[in-house]
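Below you'll find the structure, written out as structure tokens, and then a few comments.
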Amino acid sequence: LALVHLCSTQVLLDVSAPATSPFLSLPLKKTGQKKMREGGVASSLTNEELQYCAENETITIIPNFSTASLHLVNGEYGPFRAQNEATVPFWLASLLRKRNLCRVKPPEWMKSEALIAVLAEEKRSPNEWQELPHHYIEVAKLMFTAAEEDFAEFDMDVHEV
């Protein structure tokens, strides 16, 4: 048995059993027992599974409504006050954004100045990775898909760095 960390949840994985995704019940690519034990499971996840994990990352929203809290199956979120920032998982922010109940505030690391600084530091030290949030690629893709129009409101340039 191996302890694996997927989507901020620890699960036990029997490496002798057929490999399946514990959260989607989808088959994973075969990577071999040795690679799985060494942490290679994350590299065998599909793009869809990585995106699913990224949807649990928290982001900041600015709600257009006020309510004490939202009681959902997987937790309680809020309180929400109109025009005051709140932190919620991306999946909830996306649902609220589709209903025009909030604006999504892009994270600081997505600002062009921050990305240019990361790029410059990686060029200076090519053997070192710079600190970026877990699932940053998936979060950025989700942000551009769900709330690209919110970027202009926060004085953010959307261009290639």
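The values are calculated or read from the model by the stated rules, or taken from the named source; none is laboratory data. Just so we're clear, the structure is a prediction, and the values are computed from it rather than from any experiment. Don't worry about glycine lacking a Cβ; one is built from the backbone with ideal geometry, like all the others, and counts go over all protein chains shown. The accessibility values were calculated without ligands, DNA or RNA, using every heavy atom of the protein model including side chains. Shrake-Rupley method; radii C 1.70, N 1.55, O 1.52, S 1.80 Å.
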For this session: Go through region 68-88 and give me each residue that's β-branched (Val, Ile, Thr) and modelled with pLDDT under 95.
Result: Val73
Exercise. Yes or no: Lys98 at pLDDT 90 or above, more than 17 Å from the chain's Cα centre (by Cα), among the basic types (Lys, Arg) and closer than 21 Å to Tyr52 by Cβ?
Worked result: yes
Exercise. Could you count how many residues in region 121-135 are closer than 19 Å to Lys111 by Cβ and without any contact (Cβ under 8 Å) to a residue 24 or more places away in the chain?
Worked result: 6
Exercise. Between residues in region 96-112 that are farther than 13 Å from Glu153 by Cα and charged (D, E, K, R) and residues that are open to solvent by less than 50 Å² (accessible area, probe 1.4 Å) and assigned to a helix (DSSP H, G or I), which pairs lie under 8 Å by C-beta distance while being six or more apart or on different chains?
Worked result: Arg97/Ala146; Arg97/Ala147; Arg97/Asp150; Lys98/Ala146; Glu108/Ala114
Problem set entry | Number of positions in region 112-161 that are among the aromatic types (Phe, Trp, Tyr) and modelled with pLDDT of 90 or more | 1
